[in-house]
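One structure below.
The values are calculated or read from the model by the stated rules, or taken from the named source; none is laboratory data. Here the structure is a predicted model, which is why all the values come from computation and not from measurement. Neighbour counts are summed over all protein chains in view; Cβ atoms, including those assigned to glycine, are modelled from backbone coordinates with ideal geometry.
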Amino acid sequence: MEAGADEFYVVIGWQSDQVRDFLKLLAKRLAIRITPLVNEDWKKENGLSVLKARDVLQEPFLLLMSDHLFDPEIVRTLTAHSLPDGEVALVVDNDIHNPLIDMDDVIRVKVENGNICDIGKGMTDFNGFDTGIFLCSSAIFDALEQNREKDGDTTLSGAIRVLAEDGRAKAISSNSLIIAGLQVPEDSRHADNTLEWLLRLEPDANDALQLAALAHDIDRAIGRIKIKRADFGNYDAFKAAHARNSAEILSPILTACGVERNIVKEACHLVQAHEVGGDPGSA
């Protein structure tokens, strides 16, 4: 909203009824239009969620990841870009030496002369990181469908590679506006921003919920005991292990600080559930 958006389509899946109810209240509170779109295949690749918007979005639109917090100026810069029909633009973080980046998890990008040449995890030849902030034309839907028919790949990165083959995937550089999302694991700004948004959405959030907001990714700040993506073949298992480890780290810290036992228990429960939900407070 701070960047100028006034209408939102949110693709939901896990606990869709609960999320839909929340979005209804949020839309009323913020006086904006929020339309939920249900993806029954939410466990599958992210491009399937994007395709759910094909029938409702024709003109250029912003595509954002719901778990990324960012400076609104990034979006203002992106929307100032003139997007020709048939192209897609991605904000690319050029700071590839940022020690806070989780290199096992981040999506890497190769850019030449403003054009995206390649994108994906594990690339060795790259000069930027995918921020998850896109300005799209309807070409993104065609690329997703094309890639699915070609080799069954329904990832968003796969669609960008299709567009990149004929120069239709552009990069918008960002080296001063750093993303504070899940791909910047030890960044204290992510914790601060999560708490800030919690208090915007739930001004009366209790102590346990506020502590969980600040400490939900604490595992990623301690390198020697950090859960590593490379140790897991299954991404969901990795996320669950990360959340469980964060809760186990947090418990003795809060106890040593004299936090009441019931608050410690609730905060750690919320942290352990934060990647998969299952509790209204962990959503």
Check your understanding: Within the range 103-134, how many residues are out of contact with any helix residue (DSSP H, G or I) (no Cβ under 7 Å at 6 or more places or on another chain) and either assigned by TED's automatic domain parsing to the domain that holds I227 or assigned to a loop (DSSP other than H, G, I, E, B) (or both)?
Key -> 11
Check your understanding: What do you reckon, is L69 in contact with a strand residue (DSSP E or B) (Cβ under 6 Å, 6 or more places away or on another chain) and in contact (Cβ under 8 Å) with a residue 12 or more places away in the chain?
Key -> yes
**Study point:** Condition met for I263 (more than 29 Å from W42 (Cα to Cα) and in contact with an Asp or Glu (Cβ under 7 Å, 6 or more places away or on another chain))
**Key:** yes
Check your understanding: So which residues in the range 1-20 are farther than 15 Å from S66 by Cβ and either among the aliphatic types (A, V, I, L, M) or surrounded by 13 or more Cβ atoms within 10 Å (Cβ to Cβ) (or both)?
Key -> A3
Study note, to complete from the structure: Checked the range 1-53 for anything more than 27 Å from I74 (Cα to Cα) and part of a loop (DSSP other than H, G, I, E, B); matches are G13, W14, Q15, N39, E40, D41, W42, K43, K44
Review point. Can you pull out the residues in the range 30-80 that are at pLDDT below 90, touching a helix residue (DSSP H, G or I) at 6+ places or on another chain (Cβ under 8 Å) and not assigned by TED's automatic domain parsing to the domain that holds I140?
Key: K43
Practice item. Please work out which one of (1) at pLDDT 90 or above; (2) buried (at least 17 other Cβ atoms within 10 Å of the Cβ) is the condition V106 fails and give its number. Key: (1)
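Quick grid of which residues meet (1) at negative phi; (2) out of contact with any His (no Cβ under 9 Å at 6 or more places or on another chain); (3) buried (at least 16 other Cβ atoms within 10 Å of the Cβ); (4) modelled with pLDDT under 90:
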| site | (1), (2), (3), (4) |
| --- | --- |
| A208 | yes, no, yes, no |
| R224 | yes, yes, no, yes |
| D231 | yes, yes, no, yes |
| R244 | yes, yes, yes, no |
Practice item. Would you check which residues across the range 54-83 are closer than 30 Å to A213 by Cβ and part of a loop (DSSP other than H, G, I, E, B) and list them? Key: M65, S66, D67, F70, D71
Revision key, fill the gap. Only one of (1) modelled with pLDDT under 90; (2) under 30 Å from I34 (Cβ atoms); (3) part of a loop (DSSP other than H, G, I, E, B) does not apply to G86, and that is (1)
Review point. If you check A241, A213, A237, A208, which single one turns out to be part of a helix (DSSP H, G or I) and touching a residue at least 60 places away in the same chain (Cβ under 8 Å)?
Key: A208
